[in-house]
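Novice: Sharing a structure with you now.
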Amino acid sequence: MKYRELEESALKLNELYEQLEIKLYGRAWTTEDLALGFVGDIGDLAKLVQANAGIRKIDNFKSKLGHELSDCLWSVIVLAHKCGIDLEAEFSKNIGELMENVSRELDTR
């Protein structure tokens with residue numbers, strides 16, 4: 001799946017969540033609410049990474065790890081869209097700059 005397809009899927013799911021949130025709570029989540037949910041997902045992810053490293057006991061951690069990584073990716077995609085960030089372009093730019101910086105650092109050592 002290409003990035004644009006991932007983004008479209010993530011945003012469609014977000015639309016469904018917003019409809020459900022309005023029915024349940026009378027309003028859709030704000031970007032702040034989404035960010036707070038993302039923080040919770042990161043905490044869950046950290047525990048699963050520990051399980052993957054063998055320092056925490058969690059049943060079926062491998063499948064849960066994949067699920068949690070996917071949840072985190074969904075959050076990042078939706079937050080970027082709602083904040084008006086072209087994540088694909090920013091990622092490409094950032095990776096290019098980091099590769100140059102790290103390569104330059106390697107050359108000087």
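Novice: Given springs between every Cα pair under 10 Å in a Gaussian network model of the chain, which of GLU15, GLU68, GLU97 has the largest fluctuation?
Specialist: The residue that fluctuates most here is GLU97.
Novice: Hey, another quick one. Rounded, prolate or oblate, given the Cα gyration tensor of the chain, with a/c below 1.5 counting as rounded?
Specialist: Judged from the Cα gyration tensor, the chain comes out oblate (a/c at least 1.5, b/c at or above a/b).
Novice: On full extension of the chain, what length is gained from TYR17 through MET1, given 0.36 nm per residue of separation minus the C-alpha to C-alpha distance?
Specialist: Working it through step by step, the gained length comes to 3.5 nm.
Novice: Name the most mobile residue of ASP59, ASP41, ASP71, meaning the one with the largest mean-square fluctuation, in a Gaussian network model of the chain with Cα contacts below 10 Å.
Specialist: ASP59
Novice: Here's something else I'd like to know. With n ≥ 4 as the cut-off for DSSP H runs, can you work out [θ] at 222 nm for the chain, using -39500 (n - 2.57) per run divided by the number of residues, rounded to the nearest 500?
Specialist: -28500 deg cm²/dmol
Novice: Step through the residues of the range 91-102 one at a time and calculate ³J(HN,Hα) from phi using the Karplus curve (6.51 cos²θ - 1.76 cosθ + 1.60, θ = phi - 60°), rounding each to whole Hz and writing x for Gly and Pro.
Specialist: 5, 4, 4, 4, 4, x, 5, 5, 5, 4, 5, 5
Novice: Hey, another quick one. Test of understanding: in a Gaussian network model of the chain with alpha carbons linked when under 10 Å, which of ALA89, ALA46, ALA28 would top the mean-square fluctuation ranking?
Specialist: It is ALA89.
Novice: Another question, if that's okay. So how far apart, in nm, are the two label points at LEU98 and ASN52 if each is 7 Å from Cα heading toward Cβ?
Specialist: Modelled inter-label distance: 1.5 nm.
Novice: Quick one: which residues, 5+ away or cross-chain, put their amide H under 5 Å from the amide H of ILE85? H built at 1.01 Å from N.
Specialist: Placed amide hydrogens put nothing under 5 Å from ILE85.
Novice: Continuing with the same structure: Using θ = phi - 60° and the Karplus relation 6.51 cos²θ - 1.76 cosθ + 1.60, list the HN-Hα couplings for the range 24-31 in order, rounded to whole Hz, with x at every Gly or Pro.
Specialist: Residue by residue, the range 24-31 yields 7, 10, x, 7, 7, 5, 7, 4 Hz.
Every number here is computed from the coordinates shown, using simple stated rules; none is lab data. Note that the coordinates shown come from a computational prediction; the quantities given were computed from them, not determined experimentally. For neighbour counting, all protein chains shown are included, and Cβ atoms are generated from backbone atoms with ideal geometry for every residue, glycine included.
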